[in-house]
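Below: the structure, in structure tokens.
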Amino acid sequence: MKRIILILMTLILSIVLLVVVYSSHSNRDHLADKLDRFIPQLMEQYHVPGAAVSLVRNGEAVWLEGYGLADRERGVPVTTDTVFQVASISKAVTSWGVMRLVESGQLELDAPVEQYLTRWHLPPSKYDASGVTIRRLLSHSAGLSVHGYPGLRPDVPLPSLEESLSGNNGGAGSVRITMEPGAQFSYSGGGYTLLQLIIEEVTGETFSAYMQREVLDPLGMVHSSFEWQADLRPATAIAYSETGASLPNYLFTEQAAAGLYTTAPDLARFVAAEMPGPNGEPAGRGVLSPDTLALMLTPVIKTQGQAAQGLGQGIETLPGGSELIGHGGANAGWRAIISANPEQGLGIVILTNSDNGMALIQDVMRELSNLQIMEVATRILIPILTLGLLICAIFLIKDLTSPRQHRHRSRNERSTR
């Protein structure tokens, strides 16, 4: 009898644990609830005026929210329609435009970029310029200079693309080969400025017009542009420094590297397009083929630890073996991130209008990382608990039927006598 009671208690406990674990695995709405409580606290802690956040699950945006103020002086709140600069996240979106041209045969990933250039050329160096290819520009392994760009005040005339590449860009310096192409990872915003020029050379149109038609509009990113267009200006947030002082809306000739204006819902559409949609839509959403997207999200060169660089975004291998892809952004007064785990169907967009925004982003990403670790543990626990339930059930049935069989044998023995 004690054995039966022990098995029953184990069985009940296993059922309870299985229900709890399965509920956690199948319903992630608790993440949105947690973020909704967590983010305002972080904004107050780190003095971030405004933020907009989107969650993506299984290829669609499922939660969008704005927090704080887009404009402190006028008391304008951040909404899901608020426009932000997203800085280097521009590179991730630009990579789709480049790969559109690769798919159409207008560009070759491993061809020397010099064959596409007429308006500007890489300066002579001790390194072989033929090693600078589209693949290496996309993966920050071409050995080029210029990490990033400061932007220019709105009242300062923007230089031409050729002038920027030659060093007229607010102090970032000229783009040149500074190390052996292909030898190592070396982040280069200058490489993406060169890609911007290549797109213009190949298509015969402005970079922003090409990207609008070929990438942004097809993905439904209708409140996004690589130019600060008149229709976006009223909805654009004010940028703030670490001390809370308002900053000018710095502008960029280097649009591919740092110039994208967008909203949290629009950027969530981009993240969602990196995984299959809820109704069978393919990854890439017709802008790129799934095979091309898979190639882009394949590591090209190691960066550090378990991290590597793909064609446009960073890739980190998690303890469970799945991969986290993403890109951060940091212009003066703006901090942002996109991140996704396509295998788990989970993605996030965080946009802020403050130099203090990165601390908030890091705390949120730690929470997301903890969730992904729990997801891995859950996938392991569910089959173990299920097996435990089956074993308990087998022993329970055996113990319950054994007394009956014993009584039946005893009656048979007595009747035989």
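If you rank Ser160, Ser369, Ser208, Ser90 by fewest surrounding Cβ atoms within 10 Å, what's the result? List each step's numbers first, then the result.
Details: Ser160 12, Ser369 16, Ser208 19, Ser90 28.
Going from least to most buried by this count: Ser160, Ser369, Ser208, Ser90.
Highest first, please rank the peptides 321-332, 337-348, 260-271 by the mean number of other Cβ atoms sitting within 10 Å of their residues.
Numbers: 321-332: 19.7, 337-348: 22.6, 260-271: 26.1.
Ranked from most to least packed, the peptides come out as 260-271, 337-348, 321-332.
Farthest toward the dipole's positive end in segment 48-355, which of Ala51, Gly305, Ala264, given Cβ charges of +1 (Lys, Arg) and -1 (Asp, Glu) about the Cα centre?
Checking the options against the dipole of segment 48-355, the answer is Gly305.
Put a dot 7 Å past each Cα toward the Cβ at Val76 and Asp291; how far apart are the dots in nm?
Reported label-point gap for Asp291 and Val76 is 4.7 nm.
About its Cα centre, how strong a charge dipole does segment 48-355 have in debye, to the nearest 20, once Lys and Arg get +1 and Asp and Glu get -1 at the Cβ?
Values: 17 positive and 31 negative charges, 86 e Å.
The calculated dipole for segment 48-355 is roughly 420 debye.
Sort 176-185, 250-259 by the packing proxy (mean of other Cβ within 10 Å over each peptide's residues), most packed first.
250-259, 176-185
Three principal axis extents, largest first, for the C-alpha atoms of segment 48-355, in Å?
54, 47, 37
Just subtract the alpha-carbon distance of Glu242 and Glu44 from 0.36 nm times their residue separation and send over the number in nm, one decimal.
Full extension of this stretch gives 70.0 nm more.
Between Asp128 and Ser160, what length comes free when the chain is fully extended (0.36 nm per residue of separation minus the Cα-Cα distance, one decimal in nm)?
So the chain would gain 8.9 nm between Asp128 and Ser160.
Where the centroid of each part is defined by its Cα atoms, how far is segment 167-220 from segment 282-341 in Å?
Using only Cα atoms to place each centre, the spacing works out to 18 Å.
Run the numbers for Gln106 and Gln229: contour at 0.36 nm per residue of separation, minus the present Cα-Cα distance, in nm.
Stretched fully, the Gln106-Gln229 segment lengthens by 41.4 nm.
Any read-out appearing in this document is the output of simple, stated calculations on the displayed coordinates, not a laboratory observation. Quantities reported herein were computed from a predicted structural model and do not represent experimental measurements. Backbone-built Cβ (ideal geometry, glycine too); neighbour counts: all protein chains shown.
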